[in-house]
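The values are calculated or read from the model by the stated rules, or taken from the named source; none is laboratory data. Just so you know, these numbers come straight off a predicted model, no measurement behind them. No Cβ is skipped: glycine too gets one built from the backbone with ideal geometry, and neighbour counts run over all protein chains shown. Heads up: the accessible areas ignore ligands, DNA and RNA and are worked out on the full protein's heavy atoms, side chains in. Shrake-Rupley method; radii C 1.70, N 1.55, O 1.52, S 1.80 Å.
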Amino acid sequence: MNFFFEVLIGGLLSGVMYALVAIGFVLIYKASGVFNFAQGAMVFFAALTCVGLMDKFGMSLWLAIPCTMVAMIVLGFAIERVVLRPLVNQPEITLFMATIGLAFFLEGLAQLLWGSQVHQLPLPIEDVPMQSLLDRFNIVVSQFDVIAALICGVLVAALALLFAKTKVGRALRAVADDHQAALAVGIPLQRIWAILWAVAGVVALVAGLLWGARNGVQFALTFIALKALPVLILGGFTSVPGAIVGGLIIGASEKLAEVYIGPLVGGGIEGWFPYVLALLFLLVRPEGLFGEKIIRRI
Amino acid sequence: MFYREAGQFRTTYEADGQILPIRQDRIVLLATLAIAVVAVPFIASPYLLSAILIPFLIFSLAALGLNILTGYAGQLSLGTAAFMAVGAFASWNFVARIPGMPMLLAFVLGGLCAALVGIAFGLPSLRIRGFYLAAATLATQFFVIWCLTKISWLTNYSPSGVITAQRIEIMGYAFDTPQRKYVLVLLVVALLALLAKNLVRSNVGRSWMAVRDMDMAAEVIGIRPMRTKLLAFAVSSFYCGVAGALYAFAYLGTVEPEAYSLDLSFRILFMIIIGGVGSILGSFLGAAFIVLLPVFLNIAAHGLALPTSVASNLELMVFGALIIFFLIVEPHGLARLWQIGKEKLRLWPFPH
């Protein structure tokens, strides 16, 4: 039973990290209707830039992080200017494909700037089992995972505050409701989009740092976008709580399935199990767990 | 001057309904086909045939398949490579396990297997649409490749999971040189392209487009969405399956799951974006573009003496930038450029 809980908690904690990437998607989808396939590339770009600044210019971690944050904000503004602004009013599918192109571009750019070898990212958090839990319940839970989950929690709370309490947040919600109405009451749509992409870039940075510290900063980071997709399907594309709950469900079920069902069918089912789970769920509830009810008219 | 339809009268229904109503189009198409079949195998070097023309034709076929699904029926799919893999593995198994199995029949059966898988994974499209569906089709990609890696019966218990494709032999005639493989691929692709062109002009194609443009409205006017969508998935997967079998048999020479990665799916998606979504000609133009681009970039990188790592990263960037560029400047792709060119040619050399 202890083993079960260990797997479950490990899964839930990694689910938090999936949720973090998924939130980046949700932010952009909610406010601009763009399904941002480049989120994984942005995570990779952010992590590699941070490590690259440390390696090439000898910056300390605490200097490199703000510098990267500035870089991600600049990137967000540049994306709005170069990619999104000319594509205003195009069908959603066009915008989606543009972000696939963007993903390729960012992957190439990141590796061109900083090289393609695997980097270590030394965050000052140790990946050791938490002693108190080990003593009391005899369960091994990594301290790193717990702190990472806490950081995600803080980030989500900060985003929630940003959305609920600030002027920019109000504008964001207005844009999310209706582009044209927002424009009509004088909300600068393009500036809002730029801010949004910048925020998504910062979220990508946090995700990139945490994932990079865990698995090394390498090209495989781009694939966590693929991990975040079933989370999105499950949670609904437009809901931040959905992304979190979806992340937890996917993380836990994926690890449990790998441990308990995996051996029966030859292992390696982590790659597709979340998708199949999300798909089965969609057949019951096509708009996801927390998605908006889709009403379609002719 | 040369491209003008004045004086070409269509007096019968057959003449009115033909694929290429303008005489010049017919002449150009037939001439192209004749050159491709008769002259190219003799003129082109084996390198040109096996490294550029054969993959171009095979990717055109796969792009055609995806274009039927995405361009005509409006169902975005990211699992193209998985359907190709099904086609390749099924064809291999049919030939390996049934003695005396004719090769072409094996390709067709491989395509049919892919169609069945396509129907199975197309089922969610009845309830979900748009991005949810795109994400769901990724499940196909991961699940199918996983199956092909894990179920060793499919690879005949080969320890490495890589199996050599059988020699293509049709009626005792071996297609083993690049020239012969090229002609075979060309004939298959031309036949299937003709079929696709007619299919999208028929009522099946019209109902696909109705579902694409507004599925609720299509349902209201009596098109059954379930049948239409699943048929689109089946036909599209059939094309992809045949393309996958050709990819394994006529191009790679091996059958292995790694050849059908997500990357290949994306490549084919790019082909239809750049070529033109919802256009048969666009599938060919896009495939040509995506096959030739790396070749040109390699030559350019070689000329500038760039290291290979820089060149490969630049290739990614150029790919990405081109996609965005095309979407911004010409969302309908190269096929639309050709259409504009035709409009201009009609007037040339007079301004109006």
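Kindly establish whether B:Leu33 is in contact (Cβ under 8 Å) with a residue 12 or more places away in the chain, outside any loop (DSSP other than H, G, I, E, B) and over 15 Å from the mean Cα position of the chain (by Cα). Taking the combined requirement at face value, the residue satisfies it. Scan segment B:273-300 for residues that are touching a residue at least 24 places away in the same chain (Cβ under 8 Å) and in a helix (DSSP H, G or I) and the total you get is 18.
Within segment A:250-284, the only residue that satisfies the criterion of being more than 9 Å from every other protein chain (Cβ to nearest Cβ) and not in a helix (DSSP H, G or I) is A:Ile261. The residues of segment A:259-298 that are under 29 Å from B:Asp213 (Cβ atoms), in contact (Cβ under 8 Å) with a residue 12 or more places away in the chain and not hydrophobic (A, V, I, L, M, F, W, C), listed by number, are A:Tyr275, A:Glu287, A:Gly288, A:Gly291, A:Glu292.
Here B:Ser279 passes the criteria (1) surrounded by 17 or more Cβ atoms within 10 Å (Cβ to Cβ); (2) within 14 Å of chain A (Cβ to nearest Cβ) except the one numbered (2).
Looking at segment B:305-341 only, could you name the residues that are away from chain A (no Cβ under 14 Å) and either touching a Ser or Thr at 6+ places or on another chain (Cβ under 8 Å) or free of Cβ contacts under 8 Å to residues at least 24 places away in the same chain (or both)?
Answer for segment B:305-341, where residues must be away from chain A (no Cβ under 14 Å) and either touching a Ser or Thr at 6+ places or on another chain (Cβ under 8 Å) or free of Cβ contacts under 8 Å to residues at least 24 places away in the same chain (or both): B:Ala305, B:Ala335, B:Leu337, B:Gln339, B:Ile340, B:Gly341.
Put simply, of A:Gly242, A:Gly288 the only residue that is in a loop (DSSP other than H, G, I, E, B) and within 14 Å of chain B (Cβ to nearest Cβ) is A:Gly288. Taking helices (runs of 4 or more DSSP H) as the structural unit, those lying wholly within segment B:135-222 and holding at least 1 residues that are within 14 Å of chain A (Cβ to nearest Cβ), at pLDDT 90 or above and open to solvent by less than 60 Å² (accessible area, probe 1.4 Å) correspond to B:203-213, B:215-220. Taking segment A:135-220 as the region of interest, the helices (runs of 4 or more DSSP H) fully inside it that hold 3 or more residues being under 19 Å from A:Phe25 (Cβ atoms) are A:143-165, A:167-177, A:189-215.
Looking across segment B:290-304 at every residue that is within 14 Å of chain A (Cβ to nearest Cβ) and closer than 15 Å to B:Leu53 by Cα, the one that is least open to solvent (accessible area, probe 1.4 Å) is identified as B:Ile290.
Candidates in segment A:76-123 are the residues that are at the interface with chain B (Cβ under 9 Å from one of its Cβ atoms) and not in a helix (DSSP H, G or I); of these, the one that is least open to solvent (accessible area, probe 1.4 Å) is A:Gly115. Here A:Pro66 fulfils each of the conditions (1) farther than 24 Å from B:Ala134 by Cβ; (2) in contact with a helix residue (DSSP H, G or I) (Cβ under 8 Å, 6 or more places away or on another chain); (3) surrounded by fewer than 17 Cβ atoms within 10 Å (Cβ to Cβ) apart from (2).
Filtered by the rule that a residue be at pLDDT below 85, more than 20 Å from A:Gly101 (Cβ to Cβ) and either of a type outside the set (A, V, I, L, M, F, W, C) or within 11 Å of the chain's Cα centre (by Cα) (or both), segment A:28-53 gives a lone residue, A:Lys30.
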